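What follows is a short report on a single structure.
Where a number appears in this text, it was derived from the coordinates with a stated rule and is not lab data. Keep in mind that what you see is a predicted model, and the values were worked out from it rather than measured. Reconstructed Cβ throughout: ideal geometry from the backbone, glycine too, with neighbour counts over all protein chains shown.
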Amino acid sequence: FIVCSLQLVEMLDMSVPAVAKLRRLLDNLPREALPDILTSIIRTSNQEKLQMTIPLLVRQIEGLKLLQKTRKPKQDDDKRVVAIRPNRRINHIPSAIEDEEEEDHDDVVMLEKKIRTSSMSEQALKVCLKEIKRLKKMPQSMPEYALTRNYLELMVELPWNKSTKDRLEIRAARILLDNDHYAMEKLKKRVLEYLAVRQLKNNLKGPILCFVGPPGVGKTSVGRSIAKTLGREFHRIALGGVCDQSDIRGHRRTYVGSMPGRIINGLKTVGVNNPVFLLDEVDKLGKSLQGDPAAALLEVLDPEQNHSFTDHYLNVAFDLSQVLFIATANTTATIPPALLDRMEIIQVPGYTQEEKIEIAHRHLIPKQLEQHGLTPQQIQIPQVTTLDIITRYTREAGVRSLDRKLGAICRAVAVKVAEGQHKEAKPDRAEVGEGEDCKEHVTEDAKPESISYTADLALPPEMPILIDFHALKDILGPPMYEMEVSERLSQPGVAIGLAWTPLGGEIMFVEASRMEGEGQLTLTGQLGDVMKESAHLAISWLRSNAKRYQLTNASGSFDLLDNTDIHLHFPAGAVTKDGPSAGVTIVTCLASLFSGRLVCSDVAMTGEITLRGLVLPVGGIKDKVLAAHRAGLKRIIIPRRNEKDLEEIAVNVRQDLTFVLASCLDDVLNAAFDGGFAVKPGVEHLSSKL
Ligand code: ADP
């Protein structure tokens, strides 16, 4: 419009004074105003203007008519339609609208029929019939029409009374759980107990099971197996990052874009009212101004309340009492306490290397082969290769990365197999020509019964393709993790601690260095307050015991901070760390720094310290021990009062490790240094009275 108007103004003949005046006037106007002004002064007949305007007027009349129809009974509208029939054009439009209305009316009648025949609760039926009544009077063009219709369609679709029949047989359940999952005995035992009670008592009141453990340890997959054993539908509701209670409870229907919450949506998806709902990552629920989703979840999980759960969108109660809820989390620390109270926590720790190998060969590899359309005749992954993947390409408590790496291998092999098939099917001339070179290449690279992945692409590979370490390097690239433990302990002032994270246990190097200064302590590595305090405690204890252990600063003084600054660093610097369990590691690291002696390279430790040098128990021992084992460490120092936690650790892991139970820092230092850490005779030994 604007471009046309400008063009028109440009073309005005400036030689005529009146026109020139007009042009100046128009030039001074804002460009947006030009189209309006020009249309009003343009040369056109009245007839022409009328012809253009009439359709617009008709449209306006129709709009108004529809609006009035929603407010007044239908008979009035009919009269008005007759009243506005001045010519044939106008006549035509209302009749089309009437046709549409007719069709629409049929739809609504069908919907009403569906509502009446559905098995919804009495309360819901009442609400739906009322809405249908409104819908009948509403023109289709109104936004509310679509809203109400969607609502009613959802109400009809919801499984008010539809359920699957439970088939629970404990023996079969045990077999299924065992077949689907290797190891995790404690979890499987508890799940079977839970199912057995359900079989005997046939009601769902009781705590909600919550599997807590690092990612990739099979929490979701056990949930799926439970659904399978019960013959129920399974639905996963991811709660990570949910911070609005309407996500759980739905939005009220008063505003556009409103929709039901995830629970009702889940029920619509599965189509039955007794599915297994897996509430994934309950520890990652957020909070915001839009209400607390944890509070909404409480209502969902409470057996006293959930038979009449009211989603804001539905606005009528839906009975959730038949739904079996299972929750998963990485840590209990961030689960809202009220929610935690409703749940029975079952810890699912990480796996040992041996368990991972078994899981890979029994479950992950067959699954990956199937997903990639491969057979065991085409690819062979020996156990040593799996171990290589576990130790050099992954560092995790669960098996998720391992699974992904196996997937990558299968993809690479699939390409080779597919290429091979293609070539076998129609060998082309180029290949025949190059054949001899290729053969030479293959015989050089590959063993007789297997073919390295690196073999020449031009030849169909010999089956099965053996995945050895070279193939692994080709596909996955150079190893990501090497055993660098001993390397890093090659100078004084480094010790290995054990940390617990929601992703499982981890080994942590603590580094210390000293320099000339004024007795300042610098701490880096994103430490929390508790950890900073541990560092101060450690320094104070060492200063007060410097004489006993003959620890000196660079100039030989027992006052360790005299003219000396200390810097303690906890890699990885980008990860926030907190907790008291690094206490013993900091002491050991500093003792090494001030004595100039190396900490044994195969020792890891964990434990809280007190100012008087006692070692207090800490959590997460099992995960920490598994992490140390993964890293190839041999001796582990733990607080004496954590001895009981060792029972939970698999025998084969325990056999590989030596545990030192420490009740005071003397024990720790003695175990951490080769040949012990001598105390100067005559100074009293502190023993734990805890
Ligand atoms: P999580 O929910 O704990 O993060 P998943 O249930 O998604 O982990 O598990 C990741 C993958 O690992 C799945 O394919 C699962 O089948 C497999 N997996 C984990 N643990 C086991 C096990 N003990 N036996 C067999 N497969 C397992």
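Results, tabulated for the structure shown:
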quantity: Whether the range 485-672 is rounded, prolate or oblate, judged on the alpha carbon gyration tensor where a/c under 1.5 counts as rounded; calculated: prolate
quantity: Hz values of 3J(HN,Hα) by residue in the range 315-326 - Karplus curve (6.51, -1.76, 1.60), Gly and Pro given as x; calculated: 6, 10, 6, 10, 7, 9, 5, 8, 6, 9, 9, 10
quantity: Sites Leu67 and Ile345, calculated FRET efficiency, Cβ-Cβ separation with R0 51 Å, nearest 0.05; calculated: 0.30
quantity: Local electrostatic count, Ile115, Cβ distance below 14 Å [Lys/Arg +1, Asp/Glu -1]; calculated: +3
quantity: Cα shape, the range 272-344, gyration tensor, a/c 1.5 rule; calculated: oblate
quantity: Nonlocal amide H pairs with Val242, under 5 Å, H built at 1.01 Å; calculated: Gly286
quantity: Total charge dipole magnitude, the range 493-571, about the Cα centre, Cβ charges on Lys, Arg, Asp, Glu only, Debye to nearest 20; calculated: 280
quantity: Residue-span extension gain [Ile42 to Met515] - 0.36 nm each, minus C-alpha spacing; calculated: 161.4 nm
quantity: Under-5 Å amide H pairs with Thr310, H placed in peptide plane, nonlocal only; calculated: Phe318
quantity: Among the listed pairs Lys189/Lys219; Lys219/Lys284; Lys473/Lys624, those beyond 25 Å (Cα-Cα); calculated: Lys473/Lys624
quantity: Gained length - Ser308 relative to Val660, 0.36 nm times residue gap less alpha-carbon distance; calculated: 121.2 nm
quantity: Mean separation of Cα contacts under 8 Å (6+ apart) over length of the range 170-347, as relative contact order %; calculated: 30
quantity: Relative contact order of the range 485-672, pairs being alpha-carbon contacts under 8 Å that are 6 or more residues apart, as %; calculated: 26
quantity: Rounded to whole Hz, the Karplus (6.51, -1.76, 1.60) HN-Hα couplings of the range 43-59, x for glycine and proline; calculated: 7, 7, 7, 4, 4, 4, 4, 4, 4, 6, 7, 4, x, 5, 5, 4, 4
quantity: Extension gain, Lys644 back to Lys136 (0.36 nm per residue minus Cα-Cα distance, nm); calculated: 175.8 nm
quantity: Vicinal HN-Hα couplings computed from phi for the range 631-642 (Karplus, 6.51 cos²θ - 1.76 cosθ + 1.60; Hz; Gly/Pro x); calculated: 7, x, 7, 10, 10, 10, 9, 10, x, 4, 6, 9
